[in-house]
Each structure stands twice: as C-alpha cells, then as structure tokens.
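Chemist: Would you mind keeping the following structure in view while I ask a few things?
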Amino acid sequence: MSKGRSLTELPVSSLSGVGPKLAEKFAQIGIHTLQDLIFHLPFRYQDRTRITPIGALQPNRDAVICGYSRGSDVVFGRRRSLLCRLRDDTGTVTLRFFHFSKSQQIQLQSGAKLLCYGEARRGSSGLEIYHPEFSLIADDAEPVLDDRLTPIYPATEGLSQKRLRAFVSAAINTLEKSGELPELLPQPLTQKLGMLGLKESLIYLHHPPQNASLQQLDEGEHPAQQRLAFEELLAHHLTLIRNRNRIRVHRAAVLSSPVAQAEIFKQQLGFELTAAQARCVTEISNDLAQPKPMLRLLQGDVGSGKTAVSALAALQAVANGYQVALMAPTEILAEQHRLSFSNWFQPLGFEVALLTGKTRAKARREILEQLANGQISILIGTHALFQESVEYHQLGLVIIDEQHRFGVHQRLELRDKGSEGNYYPHQLIMTATPIPRTLAMSAYADLDFSVIDGLPPGRKPVTTLVLSDKRRDEVVERIQNICNQGRQVYWVCTLIEESENLQCQAAEDTLINLQAALPNLRIGLIHGRLKAVEKSEVMDQFKANRIDLLVATTVIEVGVDVPNASLMVIENPERLGLAQLHQLRGRVGRGDAESFCLLLYHAPLSEHGKERLKVMRETSDGFIIAEKDLELRGPGEVLGTRQTGELQFRIADLVRDQGLLPEVKRAAIELMENQPRRTDALIHRWLGAAEQYGNV
Ligand code: ADP
Ligand code: MG
C-alpha cells in the first residue's frame, strides 16, 4: 500500500481479501474508499475481555463465561431443543439450542471445557443462554480473551460481523500506520471546543481499549463519539444550507399582492383572520412577490386555520394568472379542501378541480385538458397531482398540506413538475405536527418558517379524560346525552398493526355493537376500504348533521373539519403516537360547544403508556406534545415514518446531541464563507451518495 496516500482516495479493494465481488457489495452500502469504511461506525459494543463467574450472571446482559459441561440432552418440549448444563466453581447455567447438529451435541458432552458468549435470560430452568457462541478449549489451556471491546457494526447482507470487523480493522491499521485522513474541522473550532482529534477518535471507537466504559459508549457520550457526532451534524447542516442556496439561484414568477381582490376575499371568509394568521399571510405574500422561489413551512397547531392562510397565498398566484396545485395526503382531506376552495374561488371566477387516484378516466382527461390550457386555476388532489401525464399551463405555487405525511421525494417531484428552465414554482408547506425546535433546526434548515401561534378566538380547550375500556357503558351513555343536545360524536378505532383490513374490520364490529347499544342514533361508518365517493358521501352527511355518531378508523386523522362534533372517543389510544392522538383530538373543539376527548384504554397500561396518556390529559399545546413525543419516541417517529430514512445518522442523535446544534450552526456558516472546499469534503465524507436525497 502506498505510504501517505489519503484514505479518501484508497479504494476498499486496496485491502487484501477484497476482490471485485466484495468491492461491489461494499459499493452497494455506499462504501467505496477506506475512508468510507472507517466511517462505517459501530452502533454498539460487546465486552469479551473478561470472564464472568456463572454465579454472577445477570439476566438480559451479555457475558463471557467459562466452565465444564455436565452433559447435554435433547428434550422434547414445545420445541425440540438441546440443553447443556455448564458449570464453574460459582454456579451452573443452561445453554439452550433450537437448531443443532449431532456433532454439536457430541462437542457439548459431559466434561468438555467451553468458552461461551451470550445473553442470559430467565428460563424454565433458572438462567439460560439461548444459542451462545461457544468454543471448545483444551482442559489445561487458559481461555484466550479479547484485549479490547468488540465493536458491532450495522450489518449488511452477505457480510458477517466477523469479516466486516476484520476489514474495518485493516483500514484502521492503515490509518494508524501510514494513512492520512484530512482533518476537516477548523483548528480554532476543535481547540475552542476541546475536541479530540479525528484520527484518535476513530481509532478509539473502532478499537476501544479494555478499560473503556461500555455504558458511556452505549449512551454515545464518549468524547470520541461527541467529536464525530459534531462533524456529522455539521455535514448534515451544510447540505441543507447548500440546497437552500442552490434553490435560491432559481428564478420564480413575481406574484404581486392582489390588494383589492384580497379584501373581497377576506370579507367572504366569514371570519376575521387572527393576528397570527394575518402575519403569516404577509410573510408569504412578501415571498411570493420576490423573483426567487419561496420555500416556506407554515406551522400551526391543529385547527389554527392554515387553510385560510394558504387560500390567500393561492389567491395571490391566480390573481397574477398563475396556477396553484394543492396536495393533501388523503382523499377525504383533498375533497374537503376542494369544497372550501370552490366556495371561496368560484365566485371570483376561478376554476377549482379535484384530481385523485380514483378520478375516472373520462373526468381525468377533461381535467388534464383544462389544466393544460389554463382553464383550471387551482388543482387539488392527492399525490396523483404529480403523475407524469399531468401538465400545467403555468404553475406558480405548490401548496403541500400536512407535510409530515409526505416524503421529501414527493415534495421534489411536485416542484420539478412546474419548473421551466430555471423557473420554479413557489412552495408553501403546511404542517399541523409542530416540529420541535431541535428538529426544525436540523431537518428543515433549508426552509423559512411561519408559525400561526394561537387558535382562532372562542375556542374552548378540549377536556381530555383517560378511562379504562371497562367503563364503556358510561361512555355510551355520554354519547347518547351529547347527541340528544344535537351535537355529534366521533368514535375512532385503532389497531396495532398497520393492516388497513384489520382496522376496517374492527371499525365494522364496533359499528354493530354501537348500533345495538344506541338504536335511536344515526350511526355512520368511514374507513380506508370505502370508495372515494362513498367516503365523501359519509363525510357530507356527517357535515350536514345527518349522522350523529361517526365510527371511523384513523383515516379521519388529518384535517377533517366538522365544528358541530364535540365528543371524540378514541379506543386503544395507547397504540398511537402522541402527535397522532393530538391530530385526532383536534377534530373536536372546533365549534363553540364545550368539547371532550375520551381516551378509552385497555388495561394494563405500561409505564410508558401511562406517561403518554398523561401528557395528552394535561396539555393541548401541540408544541409541548411534539417535544414530549420526540423525547419518548425519537425523531424518526415524530417526523413521520416516511422521513425516517432521510434523517438517519451514523452516530449523532438529535435528542441527545441537541446541545451541539447552536455551535454546529455557527460552524456551518463560517465554513461556508471561509472554506467552501472543506464543506464539500465534509458532506461527501458523511453523506456520500445519500446526499442527492437532501436536494430539496
Ligand atoms: P388547520 O390549521 O388544522 O388546517 P383549518 O384551516 O381547517 O385548520 O381551520 C379550522 C377551522 O377554523 C375551520 O372551520 C376554519 O373555518 C376556522 N377558522 C380558521 N380561521 C379562523 C378565524 N380567524 N376565526 C374563526 N374561525 C377560523
Ligand atoms: Mg388543515
């Protein structure tokens, strides 16, 4: 190997034992160079440096043990298994194998001396270790133990931990001996923050010494981990800034503020915009009047009135002769938006149309034609909006509702749809899942923010009660009372599995039970298996108060707006995330009646479950709930599963490392200004090929 060559240039195939086939395998997981290999970081460690006396084994902990077999037997319980009793001076433990060969049974025969590694658990015969790794050692030989902690790497198919570990070790050896790995953080910064050196950190993390604290490493608190986490967060932040700068060089239609039309429009809304709404409208309006594309996130709690704000943005586009595309995550929501927008825009002479996956061929053809010739001003729909065949005449603004439901890719596609040469449509993204500041700073650093902080006047907070489902009868009685007052009720069924079919089944069963219990009520049912027309029919009836009680699955989670509904019952709320519960609960408390949300849990609740429901009972502030959710479930869940992949870090953890973020931000700006080359190298190091996804 050539001395002194940078590891950023040496291909993995320069390691002995890595042929073209293996190099190909590495390439599939984004590992091309020795640097890539070295930045494939362990996500946990095992301690195989010392022997634990069998008598001191703890359940649910990995350990190395050494002892003599007291014999092995095949037993025929619920599952055929091979049991071996292993004993040292301090005690005895059972090794249990479900898959085993005759020769293994012989190896484990009485008197054999074994070195084992595995996790002890409580079993029927006291402590047991399932499928331990084991090796036979000669009776008089001392067992050979590791002299450092064992790193465990993110696995990849067809490449065992053992081989992966060997290759990473080889790369680390190259680094230790001769290789160069450029230090990309500016020295004043590392000095100021008292950081470990890069090389030192990497060597430590791949080869932690025997006395390293396993706990500190597991928690990611070791200075070597913090050093790398900082660099990784910085790399992520830099991509966001870079993307943002890239977008800013595009041009966009200058949409001037339609002062007179906006006045008329506001008058027919039927309510005064709140101060927060008006401020957001102004922020958006100013952006739209710029010759560069807006990229703005409109955050507002459930029911804060984002739709009206987006409608004023749409008005600014159509008044300037441009088209608007509004994408919603569900058909129900798309249909509801079409209704509101038609009411608002048709009187002003602007055509509004709905396009979803369920739109029939003939209607679809017509819509596409009118869209292409500019007759339709506002097209509302689901992701069907950005299918290939959809051509706009002059798309000026893209509005995306409930952004957390969509991945970044869908957002990109819709934007590219309207691009013409260097011209891009403006983009307004709305979300009712408040994004905790930490996440906002790291996941959405490429966006501008507008926040509707506060609800329209007159809203009464929803009173939330947590009840065991044993009290179902009381709940049924309460529903009867509410409906007697002319109010309406939602009953939401949930299921653990993401199986839509099972969920629909549960809703159908619930409907039958409730019909029996409440024979004089008009009860409706809505779930994902209904056809689009059927769904909108049910929703229309509910809106028109021709249904008293609506049994639903979580399809009604987002956006549905029926102010007369004042009670929501959520079955098995323990199965849902806080953000989702908050969304659901936001369907009530929209009118002037006092509203209730009953969380009907199934006992017993876990500690975690109790805590979460308590949060729901105690606060209705979406931002607090989001922070809690982040704490309890992590960023992937909070941002929505679709986005998890896009926020995956190798070593950083947004919650744990949030303290680093302000310094990361400062460092990013400084690097961008003073050392743009390093910026590229950092991004490449940490995001490699994945970087293209960040290109929002
Ligand atoms: P979200 O922000 O959850 O999308 P919506 O836009 O659906 O909320 O608005 C919720 C309800 O509040 C709707 O019935 C809407 O008409 C009403 N609303 C919006 N803004 C105001 C306001 N300024 N005053 C009174 N009601 C309003
Ligand atoms: Mg909404």
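The values are calculated or read from the model by the stated rules, or taken from the named source; none is laboratory data. Nothing here was measured: the structure is a model prediction, and the numbers come from that model. So basically every Cβ, Gly included, is an ideal-geometry build from the backbone, and we count neighbours across all protein chains shown. These accessible areas exclude ligands, DNA and RNA; they are computed on the full protein's heavy atoms, side chains included. Shrake-Rupley method; radii C 1.70, N 1.55, O 1.52, S 1.80 Å.
Chemist: If you count the DSSP beta bridges with both ends in the chain, what percent of them are antiparallel, to the nearest 5?
Modeler: Of the beta bridges lying entirely in the chain, close to 40 percent run antiparallel.
Chemist: Grab the beta carbon distance between residue 165 and residue 650, set R0 = 22 Å, and tell me the FRET efficiency rounded to 0.05.
Modeler: 0.85
Chemist: Under a 1.4 Å probe, what is the accessible area of the range 462-619 per residue, stated in Å²?
Modeler: 43 Å²
Chemist: In the range 177-231, what percent of the accessible surface is made up of carbon and sulfur (1.4 Å probe, ligands and nucleic acids excluded)?
Modeler: The value for the range 177-231 is 50 percent carbon and sulfur by accessible area.
Chemist: Then there is this: Which shape class applies to the range 259-452: rounded if a/c is under 1.5, otherwise prolate when a/b exceeds b/c and oblate if not, where a ≥ b ≥ c are the square roots of the Cα gyration tensor eigenvalues?
Modeler: Because its axes are fairly even, with a/c under 1.5, the range 259-452 counts as rounded.
Chemist: OK, next. Cross-link list 192/292; 306/460; 306/665; 535/614: which exceed 27 angstrom alpha carbon to alpha carbon?
Modeler: With Cα atoms farther than 27 Å apart: 192/292; 306/665; 535/614.
Chemist: Now a separate question. Show the residues, 5+ positions off or on another chain, whose built amide H is closer than 5 Å to the amide H of residue 400.
Modeler: For residue 400, whose amide H was placed from the backbone, the distant partners under 5 Å are 327, 428, 429, 430.
Chemist: Roughly how many Å² is the accessible area per residue of the range 174-310, as a whole number, for a 1.4 Å probe?
Modeler: 42 Å²
Chemist: In the range 254-335, what percent of the accessible surface is made up of carbon and sulfur (1.4 Å probe, ligands and nucleic acids excluded)?
Modeler: 52 percent
Chemist: Leaving out ligands, DNA and RNA, what percent of the accessible area of the range 462-619 is carbon and sulfur, probe 1.4 Å?
Modeler: Looking at the range 462-619 in its full context, I get 47 percent from C and S.
Chemist: If you don't mind, there's one more thing I want to ask. Leaving out ligands and nucleic acids, note down the accessible area per residue over the range 50-145 with a 1.4 angstrom probe, in whole Å².
Modeler: Averaged over the residues of the range 50-145, the accessible area is 59 Å².
Chemist: Residue farthest toward the positive end of the dipole of the chain, with Cβ of Lys/Arg at +1 and Asp/Glu at -1: which of 99, 303, 581?
Modeler: So the residue we want is 99.
Chemist: OK, next. Describe numerically, in nm with one decimal, the distance between label points set 7 Å from Cα along Cα→Cβ at residue 531 and at residue 267.
Modeler: Going by the 7 Å Cα→Cβ label model, 4.3 nm.
Chemist: When a/c is below 1.5 the answer is rounded, else prolate if a/b is larger than b/c, else oblate, so apply that to the chain with a ≥ b ≥ c taken from the square roots of the Cα gyration tensor eigenvalues.
Modeler: It is oblate, given that a/c is not under 1.5 and a/b is not larger than b/c.
Chemist: For the charge dipole of the chain, defined by +1 on Lys and Arg C-beta atoms and -1 on Asp and Glu C-beta atoms about the Cα centroid, which residue among 465, 515, 43 has the Cα displaced farthest towards the positive pole?
Modeler: Comparing the listed Cα positions along the dipole, 43 ranks first.
Chemist: For the charge dipole of the range 50-145, defined by +1 on Lys and Arg C-beta atoms and -1 on Asp and Glu C-beta atoms about the Cα centroid, which residue among 130, 54, 71 has the Cα displaced farthest towards the positive pole?
Modeler: Going by the Cα projections, it comes out as 130.
Chemist: Which angle between 0 and 90 degrees, to the nearest 10, do you get for helix 622-633 versus the longest principal axis of the chain when only C-alpha atoms count?
Modeler: Between the helix axis and the principal axis of the chain, the angle is about 20 degrees.
Chemist: Using the Cα centre as the reference, give the magnitude of the dipole from point charges on the C-beta atoms of the range 50-145 (Lys, Arg: +1; Asp, Glu: -1; all else neutral), rounded to the nearest 20 debye.
Modeler: Roughly 560 debye for the range 50-145.
Chemist: Mind giving me the FRET efficiency for residue 177 and residue 211? R0 is 35 Å, r the Cβ-Cβ distance, nearest 0.05 is fine.
Modeler: In this case the efficiency is close to 0.90.
Chemist: With the cut-off at 1.5 for a/c, could you classify the range 50-145 from its C-alpha gyration tensor as rounded, prolate or oblate?
Modeler: oblate
Chemist: Now a separate question. Filter the cross-link list 362/543; 177/199; 358/531 down to pairs whose alpha-carbon distance in this structure exceeds 19 Å.
Modeler: 362/543
Chemist: Report, in debye and to the nearest 20, how large the dipole of the range 223-310 comes out about its Cα centre when Lys and Arg carry +1 and Asp and Glu carry -1 on their Cβ.
Modeler: 400 debye
Chemist: Could you run the Karplus curve 6.51 cos²θ - 1.76 cosθ + 1.60 with θ = phi - 60° over the range 225-242 and give me ³J(HN,Hα) per residue in whole Hz, x for Gly and Pro?
Modeler: Once θ is set to phi - 60°, the couplings for the range 225-242 become 5, 5, 4, 6, 4, 4, 5, 5, 4, 5, 4, 4, 4, 4, 4, 5, 5, 5 Hz.
Chemist: Something else about it: By how many degrees, between 0 and 90 and to the nearest 10, does the Cα long axis of helix 676-687 differ from the longest principal axis of the chain?
Modeler: 70 degrees
Chemist: With each pseudo-label sitting 7 Å past Cα toward Cβ, what's the residue 666-residue 469 distance in nm, one decimal?
Modeler: Simple spin-label model gives 5.3 nm for this pair.
Chemist: Using θ = phi - 60° and the Karplus form 6.51 cos²θ - 1.76 cosθ + 1.60, what ³J(HN,Hα) does each residue of the range 30-46 get, whole Hz, x for Gly and Pro?
Modeler: x, 9, 10, 10, 4, 4, 4, 5, 6, 8, 7, 8, x, 9, 7, 9, 10
Chemist: Okay, moving on. Quick one: 3J(HN,Hα) in Hz for the range 426-431, Karplus 6.51/-1.76/1.60 with θ = phi - 60°, rounded, Gly and Pro as x.
Modeler: My calculation for the range 426-431 gives 5, 10, 10, 10, 10, 9 Hz in order.
Chemist: Counting Lys and Arg as +1 and Asp and Glu as -1, each charge on the Cβ, what is the dipole of the chain about the Cα centre in debye, to the nearest 20?
Modeler: So the magnitude is around 700 debye.
Chemist: Mind jotting down a quarter of the surface of the convex hull over the alpha carbons of the range 462-619, in square nanometres, one decimal?
Modeler: So the Cα hull casts an average projection of 8.5 nm².
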